[in-house]
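Take a look at the structure below.
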Amino acid sequence: MPQRNLRHTATGWSTIRPLPRGSRSADARLSDHRYRHRFAIVALLALFASARCGRTGPVASPQAPSVLRIGVGPIGVEQLVENLTIDSLAKVDEDGRVTPLLAKELKVSPDGLSLSIKLRPNVRFHDGSLVTAPLVADNLRASLPQFSGPAYDDVASIEAPAVDELRIALHRPSQFLLESLEAQIQKRSAPGSTAKIGTGAFMPDDATVGEIRANAGYYLGAPLIGRIKITSYPSIRTAWAELLREKIDMVYEVGVDALESLQTATTVNVFSYTRHYQYIIVLNSKVHALRSRAVRRALNNAIDRSLLIREAMSGHGLPSSGPIWPKHWAAQGSLAAFRFDPRSAAAAVAEQKIQFTCLVASDAERVALAVKRQLQAVGVEMVLKEVDLGELNSAAARGDFDGILTSVISGPSIVRPYLWWSSKGPRNRGGYSNPAVDAALDRVLHALSDDEYRRGIVDFQQAIVADPPAVFLAWEQRARAVSKRFEVPSESGTDPLITLRLWKPAAGAQPNVD
């Protein structure tokens, strides 16, 4: 099970430990000496205040230095709150490696059949209760089947032999088990309640919907922003206008339509990054027109992805060569890829009239029209049918479609494309089944070394290119727009929200306290 900080030795796989705060990994690689001193001061003040009040659990920062006002679109408040308030045992980094979070260490047995998880000491939920191994074990039993899909069949048992230790026994080694440890760890506030209690850097304000407060007892260091107010707007463009009027401090996610305008704003910093989502056209291989793998290859070879990104995404995207996240460590080097070859694509469909209907949501209309034009150029007629998201999801669940143009999460881990393209994958909506794809994914799943894992990736990509289940188009690029009133430590091309607990008012800026 090769992951970050795992090294194969004569005695087996060594322990995955969180890298020291000064190393170049995760949030820590973005912190410097002055930040660490600030964390220590804030943490000491919080502990002092907590001791005086006689409380043992996390509390809001005693003197909130500022308020960050975030604007989101019509859908997104609940998801954003969850992302900022609920942590997981581990996270998958941009390169596909696993780094511990709530876990202090992850230790895999030499034969890969046992995973021992040591929890960080004295981590508490927002209600003050301790994070214990039995509670985490219950979480994993409930969440891992969804996160890892049929790979969960390899789990024999999940036990808690000690209050701070979990032990997962496996029938076979499982790479995807480690990748699935990004499942959120939470507890319910009361029996039958839907409220979720997490351990994150911020904690919900029970009195105010859409507000969260700093968790002064956060195990990685207290945030420097005391409170976050999240407001939903009817459109991202409306939120963008409010940002320029300085009514809010951040637009959560900026689409390509507003990105160009924001680049010229003098009071705003724009942080662009590549999302873990890519545009694809899921193809129903049971439909007669799309049954032939030669036809599906032709559809992929008909697409000039660079032109598509320029025309339909204003240049903000990365060409997709298949289902594997392009920054994944095992995808570096030479892999099979689709090539733009309209002549061979036209020849492959010349003797048959290929026409299919493609369902598309309104937010992907520009991409759909650009793809339609390129397919027409090789003699393929893609009939577009615009539907709302509910109808699209319903048709996908029933398998009642020819094609669906949508944006799907496909990175940074390999377990995500596994859920889409394994013949047993729960997201495999088009009835796709290929023994070579299944065999390659199994090699990745059960790999015991980096070399075995990489060979499985190479075989997986090759099998997908030979028999594509979808037309792979482009990885999305988005941006966070943040007022220059805040200092945002961030690395180029990465999501700045990763470092949110390190944000602070810029020097000389008057902090929000409303």
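Coordinate-derived values only; no laboratory data. Because the structure is predicted, anything quoted here is derived from the model rather than measured. Cβ sites come from the backbone with ideal geometry, for glycine too, and all protein chains shown count toward neighbours.
A few remarks follow.
- Pairwise label distance in nanometres, Asp111 with Ala377, each label 7 Å out on the Cα-Cβ vector: 5.7 nm
- For Ala222, distant residues with modelled amide H under 5 Å away: Ala43
- Under 5 Å from the amide H of Ala447 lie the amide H atoms of Gln175, each residue being 5 or more positions distant or on a separate chain, with H modelled from the backbone and absent for Pro and chain starts.
- Antiparallel bridges, percent of DSSP beta bridges restricted to the stretch 276-476 (to nearest 5): 60 percent
- Cross-link reach list, lysines versus Lys353, counting only Cα pairs under 18 Å and skipping chain neighbours closer than eight places: Lys286, Lys372
- Karplus 3J(HN,Hα) series, Hz, for the stretch 286-295 with 6.51 cos²θ - 1.76 cosθ + 1.60 (x for Gly, Pro): 8, 6, 4, 5, 10, 6, 6, 5, 5, 5
- Taken as Cα centroids, the stretch 274-327 and the stretch 386-420 sit 13 Å apart, rounded to the nearest whole angstrom.
- Dipole magnitude (debye, nearest 20) for the stretch 87-192, charges at Cβ of Lys, Arg, Asp, Glu: 300 debye
- √(5λ) per eigenvalue of the Cα gyration tensor, the stretch 192-235, largest first, Å: 20, 16, 8
- A Förster radius of 41 Å, combined with the Cβ-Cβ distance separating Ala507 from Arg245, puts the computed FRET efficiency at roughly 0.95.
- The alpha-carbon of Lys104 sits under 29 angstrom from the alpha-carbons of these lysines, leaving out residues fewer than 8 places away in its chain: Lys91, Lys118, Lys187, Lys196, Lys327, Lys504.
- Between the residues Ile414, Phe356, Ser292, the greatest Cα displacement towards the positive end of the dipole of the stretch 276-476, with unit charges on the Cβ of Lys, Arg, Asp and Glu, is found for Ser292.
- Relative intensity, log₁₀ I(q)/I(0), of the stretch 418-511 from a Debye sum that treats every alpha carbon as a point, q = 0.13, 0.17, 0.23 Å⁻¹: -0.67, -0.80, -1.08
- With a simple spin-label model that places each label point 7 Å from the Cα along the Cα-to-Cβ direction, the separation between Ile409 and Arg366 comes to 2.5 nm.
- Taking a point 7 Å out from the Cα of Ser334 in the direction of its Cβ, the residues of the stretch 280-324 whose backbone N falls within less than 19 Å of it are 321-322.
- On the beta carbon distance between Thr267 and Gln146, with R0 = 51 Å, the FRET formula returns roughly 0.75.
- Annotation: amide H of Val155 within the under-5 Å range of His171, sequence separation 5 or more or interchain, hydrogens built in the peptide plane.
- Ranked for footprinting exposure by Cβ neighbours inside 10 Å, fewest first, Thr266, Thr85, Thr132, Thr499 give Thr266, Thr132, Thr499, Thr85.
- Label-to-label distance, Ser492 versus Val163, with points set 7 angstrom from Cα along the beta-carbon direction: 4.9 nm.
- When only alpha carbons of the stretch 116-220 are considered, Rg and Dmax amount to 15.1, 48 Å.
- Whole-Hz ³J(HN,Hα) from phi, Karplus 6.51 cos²θ - 1.76 cosθ + 1.60, for the stretch 425-432, glycine and proline x: x, x, 9, 6, 7, x, x, 6
- Look at the alpha carbon pairs under 8 Å that are at least 6 residues apart: their mean separation over the length of the stretch 276-476 gives a relative contact order of 38 percent.
- For the stretch 276-476, the Cβ-based charge dipole about the Cα centre amounts to some 260 debye (Lys, Arg positive; Asp, Glu negative; other atoms uncharged).
- Whether the stretch 274-416 is rounded, prolate or oblate, judged on the alpha carbon gyration tensor where a/c under 1.5 counts as rounded: rounded
- Modelled FRET efficiency - R0 22 Å, Ala439 with Lys286, Cβ distances, 0.05 increments: 0.50
- Rounded to the nearest Hz, the phi-derived 3J(HN,Hα) couplings of the stretch 364-371 under the Karplus curve 6.51 cos²θ - 1.76 cosθ + 1.60 (θ = phi - 60°) are 10, 5, 4, 5, 4, 5, 5, 5, where x marks glycine and proline.
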